[in-house]
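The values are calculated or read from the model by the stated rules, or taken from the named source; none is laboratory data. Note that the coordinates shown come from a computational prediction; the quantities given were computed from them, not determined experimentally. In this analysis, Cβ positions are derived from the backbone assuming ideal geometry, glycine residues included, and neighbour counts consider all displayed protein chains.
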Amino acid sequence: MTAQDFIPKNYSEEISEGKVTWQSPSNIALVKYWGKRENQIPANPSVSFTLNYCKTTTSLSFQKKENPSNNFDFELFFEGEKKPSFRPKIEQFFRRIEAYLPFLKEYNFTIHTSNSFPHSSGIASSASGMSALALCLMSLEKELDPLMTEEFFTRKASFLARLGSGSACRSIEGELVVWGKHETEGSSDLFGVKYPSEVHQNFKDYQDVILLVDKGEKQVSSTVGHDLMNGHPFAEQRFEQAHENLAKLQDVFKSGNLLAFTELVESEALTLHAMMMSSRPYFLLMKPHTLAIINKVFRFRQKTGLHPCFTLDAGANVHLLFPKKEKEAVMSFIEEELVEHCQDGQYIKDEVGAGAKRI
Ligand code: DP6
């Protein structure tokens with residue numbers, strides 16, 4: 001498929017008003033997306049677990065304008081209150097997707113959005129937020145074009161979400177989603193696809209405990225972050241490595257080898273941070289508590305033979321991933337040894353989920 005395939009021809013229906021609500025989850029990358037080209041095309045393929053409880057709920061009300069205008073007209077409420085600071089991101093999103101949803105300037109929109117996780121938790125809401133909004137817009141398009149297939153709906157929702165925030169395209173479906181052209185069947189740079197091959201039972205009920213080391217605003221915006229890979233001396237090797245890691249991970253998903261999983265996922269997280277540390281300007285996003293947690297995880301694994309493994313995004317918080325059957329022991333370890341490294345002792349319990357839901 002090409003981007004052209006997402007440009008609609010004619011709509012069979014006229015819709016004057018309505019309302020739709022979607023709930024869309026966050027996701028956690030195992031092989032990381034870091035670096036992009038024009039139009040939100042990833043520099044390398046990535047794969048993520050879709051989460052279950054960290055999610056955004058977005059309602060979109062729409063009324064057809066009596067007099068068409070040349071503006072995007074929308075009101076935006078976050079947790080019940082007007083949020084002018086979010087407007088530029090939505091405006092930019094609408095500009096990027098207008099060619100694919102030509103009706104955008106024909107409606108007045110009211111957007112109500114809220115997150116299941118605290119806004120000041122240092123957890124990025126762009127993946128869940130952009131995917132929820134993309135899905136709402138797709139529901140409106142589906143009303144205009146009722147013959148649209150489920151498959152096209154899901155693909156285009158992911159395609160649009162990507163234009164809002166790259167990783168958002170991995171939040172439409174569950175439980176594992178691949179984004180970026182790779183040997184994986186059906187994979188594309190334009191949208192995320194459900195991982196199509198065999199997945200061992202070990203990975204079906206994975207847990208993700210997000211240890212909130214730093215609840216502040218992100219130090220490096222994603223735009224600045226991805227841009228660091230332009231002209232980075234190790235960029236090409238890193239992009240190649242991501243391809244290799246994704247290929248290796250396919251074997252791991254099949255075999256259920258938890259040691260191999262741990263090694264690969266942790267190496268990906270550290271490589272992401274190594275890229276940031278070795279770019280110009282350079283960024284050091286791990287905090288002393290991040291390192292303390294990582295070292296305790298190493299020791300705990302050695303001592304118990306259990307399999308909690310960490311991953312990191314572009315920040316100091318630690319995601320601790322482990323199979324459900326180890327939950328009791330790992331949760332005690334978190335309570336006894338890791339909570340002291342979390343800001344205000346806070347962490348969020350999540351697990352692999354099935355993807356976005358219309359409600
Ligand atoms: C480190 O998806 O937030 O979390 O496309 O600029 O919105 P934009 O970037 P974004 O980048 C996420 C980067 C990451 C790794 C990942 O999720 O794959």
**Set ASN67, ASN71: member being more than 16 Å from the ligand (Cβ to nearest atom), in a loop (DSSP other than H, G, I, E, B), free of Cβ contacts under 8 Å to residues at least 12 places away in the same chain and farther than 20 Å from SER131 by Cα** = ASN67
**Asked** Restricting attention to the range 76-89, does a residue exist that is part of a strand (DSSP E or B), within 14 Å of the ligand (Cβ to nearest atom) and crowded, with 18+ Cβ neighbours inside 10 Å?
**Response** no
**Request:** Can you work out which of the residues in the range 88-132 that are of a type in the set (D, E, K, R) and touching a helix residue (DSSP H, G or I) at 6+ places or on another chain (Cβ under 6 Å) is nearest to ILE7 (Cα to Cα)?
**Result:** GLU98
**Item:** Residue list for the range 185-207, filter: under 26 Å from LEU320 (Cα atoms) and either over 19 Å from the mean Cα position of the chain (by Cα) or assigned to a helix (DSSP H, G or I) (or both)
**Value:** SER197, GLU198, VAL199, HIS200, GLN201, ASN202, PHE203
**Message:** Can you say whether LEU160 is within 15 Å of the ligand (Cβ to nearest atom), within 15 Å of the chain's Cα centre (by Cα) and either in a loop (DSSP other than H, G, I, E, B) or among the β-branched types (Val, Ile, Thr) (or both), as far as the supplied structure shows?
**Reply:** no
**Request:** Can you confirm whether the range 281-289 contains a residue that is at pLDDT 95 or above, assigned to a helix (DSSP H, G or I), under 20 Å from the mean Cα position of the chain (by Cα) and not small (Gly, Ala, Ser)?
**Result:** no
**Message:** Can you go through PHE93, PHE117 and tell me which one is among the hydrophobic types (A, V, I, L, M, F, W, C), part of a helix (DSSP H, G or I) and assigned by TED's automatic domain parsing to the domain that holds LYS64?
**Reply:** PHE93
**Message:** Yes or no: the range 131-139 includes at least one residue that is within 16 Å of the ligand (Cβ to nearest atom) and of a type in the set (Ser, Thr, Tyr).
**Reply:** yes
**Asked** Considering only residues of the range 298-314 that are touching a residue at least 24 places away in the same chain (Cβ under 8 Å) and assigned to a helix (DSSP H, G or I), which is farthest from the ligand (Cβ to nearest atom)?
**Response** THR304
